[in-house]
Amino acid sequence: MENLRSRLKFGSKAEDVKLRKRRSLLYSKEDGTLLNHGILRVAVFTVVFRLVNCLLVQTSFVPDEYWQSLEVAHRMVFNYGYLTWEWKAGIRGFTYPLFFAFFYKILHLLNYDTVYLLIWLPRVVQALLAAFADVKFFSLLRTLETEDTARWAFFCHLCSWFSWFCCTRTLTNTTETTLTCLALFYFPLPGAKTSSSGKYLSLVALAVVVRPTALIVWFPLLLYHFWQEENKLRLITRSYIPIGMSAVLISALIDCLFYEKWTLVQFNFIKFNILHGVAGFYGSHPWHWYFTQGFAVVVGPHLPFFLHGCSLAFRKYKILLATVVWIVAVYSLLPHKEFRFIYPVLPFCMIFCGISLARLKAWRRPAAALLAVSNLVLALYTGLVHQRGTLDVMGHLQTLCEPTVDPARPQSDVLFLMPCHSTPYYSHVHCPLKMRILECPPDLGEDGYFEEAAQFYNNPLLWLRTSFPYKSSLPTHLVLFDVLEKEISTFLQGNNFTRTAEIFHSHVAEGRVGGSIFIYERH
């Protein structure tokens, strides 16, 4: 009995029970510190990665990259520039360009408003915002999946060629995607521990102000949140309505200030693009274009992994998959289609790609290497080579802003004989240089409508002779794609125009857009 009692150690002489130290992050302050250090390392790496990303994207994508942001901001701060018809019709909001105007104003006040900084500072700011969204996306992944799956999903996200191509550009689509990624961090996904209705709805509202089509992206997610919420009336009265109305009011006040009249750009945007079909003026595609081409190009080499991940995690992330299908389907109903319109689907797709890679096990590393190399080739080619001429040509024209010592030399006058809005404008020369582009506003039912660009390309020589009947009215410089040179060669020779520069643009000549850009100067 004494032996048994000594083994059981009853009474006050019993020793304290020693518990095994838990390794869970929920119980260990030390591990929690390591977690914070891990996020910090990811943040530093991501910032450096996106800054390198920014420097290695030196090509143009679409005109909206400049004409809906930097050109408007330049005019707001420096009081000269050019606004397209969209700003005259009131279908674009000033909130987005005001963001860049803030940085332009700081440069102006500090007397550092050089062309180099006007071009690159907005890009760097976009890169930093993209890096912040990337870190938030990684943090979300760690709450939804295992550490291994989260890392592979983040790897897929960073090596996406289309994200590399777009995320540092001053496009409204870029900011829409960045805000979508941030809002997703606070969205009440199943299993997420970072949800906050107020924060995610505020970010969604801001995305809609920047680009009204962001509502297409978030419509199924808003419905899902409403369906899952127990107190639906409270969600509507304390979140949906106050945040939505505040965003519309602030946007309207900003636009009222710059339009100098009450303007609701969200309504005008819907009226012109949906009811009047103005978007179709800039080209249309068959309804299936996103399903057969667009989506595959945007997702790129990730497509097989996305499809495999969908088969593995369909039930767990059915709301995200439904959102991807919804976005592609709704945009398919619109006649005008572009790759950038479905850019916001990428964060959703990368979750499925990460799940796919994590499950491959033996084939995981070879598949990841193939994914990285294939995306890197696309990213470097599109970022450094394809369509770079329309930016490089502005560097040549910027030299015309330099003061001349020859008093007999006429003031420079540049005419762009190119598809409208092919190049940036005053934001990339930053001087009141006399420049002119071919106008191409859509037919809004006004009397006396004509499209200058269409008239020019129908008969270039007739247009030139009609527009410049006297040599004294001729511009000093012409900028044109090489495919136009033969058609107007007699005009160039007859008016003593000499080619002074040939700038590479693209390996693929398409229609009115050639492989090179020529600058002609009149002597």
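A few points about this structure:
- The overall shape of region 388-522, judged from the alpha-carbon gyration tensor, is rounded, with an a/c ratio under 1.5.
- Sorted on the mean count of surrounding Cβ atoms within 10 Å across their residues, most packed first, peptides 39-48, 289-298 read 289-298, 39-48.
- For VAL483 and TRP120, the difference between the fully extended length at 0.36 nm per residue and the C-alpha to C-alpha distance is 127.6 nm.
- For region 30-385, the Kirkwood estimate of the hydrodynamic radius, built from every pair of different alpha carbons, is 21.3 Å.
- Ordered by solvent-accessible area of protein heavy atoms (1.4 Å probe), largest first, the residues THR114, THR194 come out as THR114, THR194.
- Taking the chain and dividing mean pair separation by its residue count, relative contact order in percent (alpha carbons under 8 Å, at least six apart): 16
- Take each peptide in 100-110, 423-433, count the other Cβ atoms within 10 Å of every residue, and average; sorted highest first, the result is 423-433, 100-110.
- Solvent-accessible area per residue, Å², over the chain with all protein chains present [probe radius 1.4 Å]: 51
- Rounded to the nearest 500, the 222 nm mean residue ellipticity of the chain from helices alone is -17000 deg cm²/dmol, with -39,500 (n - 2.57) taken per DSSP H run of at least 4 residues.
- Trypsin sites (Lys or Arg not before Pro) within region 128-236: DSSP coil, no more than 15 neighbouring Cβ in 10 Å: LYS193
- FRET efficiency, 1/(1 + (r/R0)^6) with R0 51 Å, evaluated for ILE241 and VAL297 via beta carbons: 0.85
- Above-threshold pairs, the threshold being 27 Å between Cα atoms, out of LYS232/LYS337; LYS232/LYS318; LYS261/LYS434: LYS232/LYS337; LYS261/LYS434
- Protection proxy ranking of 375-382, 461-468, 413-420 - average other beta-carbon atoms within 10 Å, highest first: 413-420, 375-382, 461-468
- Amide H to amide H distances under 5 Å link MET418 with LEU438, where only residues 5 or more positions off or on other chains count and H is placed in the peptide plane.
- For the chain, CYS54, CYS159, CYS166, CYS167, CYS181, CYS256, CYS310, CYS349 stand unpaired, since no other cysteine beta carbon lies under 4.7 Å from theirs.
- Surface composition of the chain: carbon and sulfur atoms hold 62% of the protein heavy-atom accessible area at a 1.4 Å probe.
- Beta bridges by DSSP in the chain, antiparallel share as percent, to the nearest 5: 60
- Student exercise, the chain dipole from Lys, Arg, Asp, Glu Cβ charges, in Debye to nearest 20: 2920
The values are calculated or read from the model by the stated rules, or taken from the named source; none is laboratory data. All values reported here derive from a predicted model rather than from experimental measurement. When we count neighbours, we look across all protein chains shown, and the Cβ atoms used for this are built from the backbone with ideal geometry, even at glycine. For accessibility, only protein heavy atoms count, side chains too; no ligands or nucleic acids. Shrake-Rupley method; radii C 1.70, N 1.55, O 1.52, S 1.80 Å.
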